[in-house]
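Structure, as structure tokens:
The values are calculated or read from the model by the stated rules, or taken from the named source; none is laboratory data. The structure displayed is predicted, hence computed values, not measured ones. Here the Cβ positions follow ideal geometry from the backbone for every residue, glycine too, while neighbour counts run over all protein chains shown.
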Amino acid sequence: MDAFILLGSLALLLAIGVPVAYSLGIASIVGAIWLGMPLEGVMIKISSGLSSFTLLAIPFFVLAGAIMAEGGMANRLVSFAYILVGFIRGGLSLVNILASTFFGAISGSSVADTASIGSVLIPEMEKKGYPRDFATAVTCSGSVQALLIPPSHNAVIYSLAAGGTVSIGALFLAGVLPGLLLGTTLAVMCLYFAHKRGYPKGEAIPLKQALKITLDAAWGLMTMVIILGGILSGIFTATESASIAVVWAFFVTMFIYRDYKWKDLPKLIHRTVKTVTVVMILIGFASSFGYIMTLMQLPLKMTTFFTGLSENKYAILMLINIMLLILGTLMDMAPLILILTPILLPLAKSLGLDPVHFGMVMLVNLGIGLITPPVGAVLFVGSAVGKLKMEQVVRSMLPFFGGLFVVLMIVTYVPLVSLFIPWLGGLVSDQQICAATSLFCP
Amino acid sequence: MEKYLRIMDWVYRICIWLSGSAIVIMTLVIPWGVFARKVLNSGSSWPEPVAIFCMVIFTFFGAAATYRACGHIAVDMLVQRLSAGKQRTLSQIVNVLMILISMFMMIYGIMLCQTTWNQSVDSLPILNVGLTYLPLPLGGFVIMLFIVERMVAGTQSHRPIVTYDHAPELSIVKEGGL
């Protein structure tokens, strides 16, 4: 009954169009009244949820990414990717994917990735003879890498939703291999289509010019070196490294690249205010919602329910995947991470999954949700940039959905893909690795 | 009516300025803290509480302004299938619910400020805890102003001041998507 009141009121509020953040707030109030709990408690949870030092990393990462994306970074990353893979058959589609990999290293936003890489490459690909729907489909699918390749503010949101018990550094490193796996899978598919459909080769870039482009892009890619280097060496915390990334992004854009106008800066801040505060207020209200869920023992009940369905871990994991995929097609990523992590993480732990590994499963699942209809932020932006109907893009994306699903299965059932690099970096212990591998390789 | 909307434009502008200044200050004080600790070897504890205070200001005033810009994430898939008349009724119900939550933020926010007014922040004693929570009720008040505006005058997300930041090449990016 508790669950029905809380989740039912949330579903109703969402259905009639109350913004997600405020729906969570109202549902927590309803839940608190139902439990006979004083409402001050809800308010305290909202304010304490927003007063954490870790949370600062989110506005910083988004701001750093926005400065880079709008300050001419996208063009430079595309040129850099062109040097590396442009000369191959189907080169521009590979450039598109590789540019997204690089873009993921400066920003964690798939939407920003699609908007900036897409607006450079979709027209360019069409000019060289690629169908526009294929170009848009590649852009959208490739942009999912941005969620996984560090830095990823969604990983920070997951870490917060997990109660701050999962190290952000470990999550960042964990994203590297799944991100590259995703990129490689898409690239192999693009190569196949290029040969089958006869997409053109690009030309090789003369060495001198290539060096200049590489140097240019290196300034931006240093961002990731600063962030990861800082966190791994223990020089700064994730939050501090994110703030330094903003300063670095600002320095590179305004003094090295110099193609962003000073008078446009207030607009950039205005935009960042609008995009980030939406997520921040969501985190505040989600922490009160999570608190009420815990009081109602929903996570425990959910774990009992799922483990009662089947004895088989693989089957339960598959069920979780299906549930996440379905919810992901209906709702945005950040609210789902915030609502579902407190429920599903205890379940995942009871199955013997490492929280870092489960974070990756969640990010890949919800990342796929961003590019699937009916609701997919990346798909909307991609269709708008490509000036196509959503249905056309979805049709050319069908084979890529297949590829992404294979990646999801690998990330779900092979924990080493997520845990190997954090283990190398010393952020995941030997025991965790053993526990994770023995679970899946008896 | 136009005069009223112009006053609300000012409220919006103040929110964006407060929120924008807060994020700029945040991004300056944290690197300063690192610099002081690593280079000047004089670690100070004030940047952290200052940045968190700025983040609370940033969140609540920014979220209020974003409400005017219709930027919050909402599920509109079901609502869009209804007739225009039903959509209007539903949006008024949503407005009433939003008024309720903003009143909750105001009333319980003020209570929270009152009970914590005499505690000082550990790492920065001149700041009191109650003050750091003040953006909650204030943000609740401002968002209520915007909800009332929407109830009387309809959505104002098209006002020039609200669309001021739309970059031509990125204007297709739906706000709220990250």
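For region B:63-72, check the following and say yes or no: at least one residue is touching an Asp or Glu at 6+ places or on another chain (Cβ under 6 Å), at pLDDT 85 or above and either over 14 Å from residue B:25 (Cβ atoms) or part of a loop (DSSP other than H, G, I, E, B) (or both). Yes, the conditions are met somewhere in region B:63-72.
Count of region A:233-249 residues, restricted to those that are within 11 Å of chain B (Cβ to nearest Cβ) and in a loop (DSSP other than H, G, I, E, B), is 3.
Looking at (1) assigned to a helix (DSSP H, G or I); (2) in contact with an Asp or Glu (Cβ under 7 Å, 6 or more places away or on another chain), which is the one condition that is false for residue B:87? Tallying (1) assigned to a helix (DSSP H, G or I); (2) in contact with an Asp or Glu (Cβ under 7 Å, 6 or more places away or on another chain), residue B:87 fails exactly one: (2). Of all residues in region A:383-397, those satisfying the criterion of being part of a helix (DSSP H, G or I) and at the interface with chain B (Cβ under 10 Å from one of its Cβ atoms) are A:383, A:384, A:385. In the set A:337, A:316, A:410, A:326, only one residue is touching a Phe, Trp or Tyr at 6+ places or on another chain (Cβ under 7 Å), at negative phi and surrounded by fewer than 23 Cβ atoms within 10 Å (Cβ to Cβ); that residue is A:316. The lone criterion from (1) in a helix (DSSP H, G or I); (2) more than 15 Å from residue A:159 (Cβ to Cβ) left unmet by residue A:337 is number (2). Residue A:225: among the β-branched types (Val, Ile, Thr), more than 15 Å from residue A:70 (Cα to Cα) and in contact with a Gly (Cβ under 6 Å, 6 or more places away or on another chain), yes or no? It is false that residue A:225 is among the β-branched types (Val, Ile, Thr), more than 15 Å from residue A:70 (Cα to Cα) and in contact with a Gly (Cβ under 6 Å, 6 or more places away or on another chain). Just so you know, in region B:57-103 the residues that are under 12 Å from the mean Cα position of the chain (by Cα) and hydrophobic (A, V, I, L, M, F, W, C) include one that is farthest from the other protein chains (Cβ to nearest Cβ), and it is B:57. If you check A:267, A:208 for being surrounded by fewer than 17 Cβ atoms within 10 Å (Cβ to Cβ), within 8 Å of chain B (Cβ to nearest Cβ) and either of a type outside the set (Val, Ile, Thr) or assigned to a helix (DSSP H, G or I) (or both), only one passes: A:267.
Residues in region A:113-171 that are more than 14 Å from chain B (Cβ to nearest Cβ), of a type in the set (A, V, I, L, M, F, W, C) and more than 16 Å from residue A:99 (Cα to Cα): A:134, A:161, A:162, A:166, A:168, A:170, A:171. Here residue A:359 meets the list (1) over 25 Å from residue A:58 (Cβ atoms); (2) away from chain B (no Cβ under 14 Å) almost entirely, failing just condition (1). Restricting attention to region A:136-154 and to residues that are polar (S, T, N, Q) and part of a helix (DSSP H, G or I), the residue that is farthest from residue A:402 (Cα to Cα) turns out to be A:154.
In region B:1-40, of all residues being of a type in the set (Lys, Arg) and away from chain A (no Cβ under 13 Å), the one that is surrounded by the fewest Cβ atoms within 10 Å (Cβ to Cβ) corresponds to B:3. Counting only helices (runs of 4 or more DSSP H) wholly contained in region A:24-89, the ones carrying 3 or more residues that are facing chain B (nearest Cβ under 10 Å) and surrounded by 19 or more Cβ atoms within 10 Å (Cβ to Cβ) occupy A:39-49, A:57-68.
Does residue A:252 count as buried (at least 21 other Cβ atoms within 10 Å of the Cβ), at pLDDT 90 or above and away from every other protein chain (no Cβ under 13 Å)? Taking the combined requirement at face value, the residue satisfies it. Taking the criterion of being more than 16 Å from the chain's Cα centre (by Cα), part of a loop (DSSP other than H, G, I, E, B) and of a type in the set (Gly, Ala, Ser), the residues of region B:115-170 that qualify are B:123, B:154, B:167.
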